[in-house]
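Working notes, structure below.
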């Protein structure tokens, strides 16, 4: 995927195929505003960083926000790989590489590394423009259909 400028405006995001998500629930809704872009390999998740995402008075974004984006971005790759079956995160490791700043647009694209009957192994990066903010890898459990 071509890098998306960290200072991109909403109108340009929309012209590149990004859509602001609405109708979320629970914690995920509170952590937004979320953006999504559909690709051949699944969905890329993005987040416009506001003051509510920041560390107190220093202009950088809290690591928990980055981990939430990793969970959602990698989870979107898993969901695509398992054709929409339900799944849950059972392990998520995040490595913080550089600071994300309030006002930036960041995004996460995941890649499925391996899938077994009940587990999916995935990895990805969080980017702000062409700058790597974090890398992450995790394991998701595929839930049986009910």
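For this structure, a couple of remarks:
- In segment 49-64, the residues that are part of a loop (DSSP other than H, G, I, E, B) and surrounded by fewer than 20 Cβ atoms within 10 Å (Cβ to Cβ): 50, 55, 56, 57, 58, 59, 62
- Residue list for segment 65-102, restricted to those being within 23 Å of residue 30 (Cβ to Cβ), assigned to a loop (DSSP other than H, G, I, E, B) and out of contact with any helix residue (DSSP H, G or I) (no Cβ under 7 Å at 6 or more places or on another chain): 86, 99
- When residue 19 is tested against (1) within 16 Å of the chain's Cα centre (by Cα); (2) modelled with pLDDT of 85 or more; (3) within 17 Å of residue 126 (Cβ to Cβ), just one condition goes unmet, and that condition is (3).
- Among the residues making up segment 81-111, those that are more than 24 Å from residue 58 (Cβ to Cβ), touching a residue at least 12 places away in the same chain (Cβ under 8 Å) and more than 14 Å from the chain's Cα centre (by Cα) are 81, 82, 85, 86, 87, 88, 90, 91.
- Flag if residue 122 is free of Cβ contacts under 8 Å to residues at least 40 places away in the same chain, in a strand (DSSP E or B), over 18 Å from residue 20 (Cβ atoms) and touching a helix residue (DSSP H, G or I) at 6+ places or on another chain (Cβ under 7 Å): no
The values are calculated or read from the model by the stated rules, or taken from the named source; none is laboratory data. These figures come from a predicted structure and were not determined experimentally. Every residue, glycine as well, gets a Cβ built from its backbone with ideal geometry; the counts of neighbours run over all protein chains shown.
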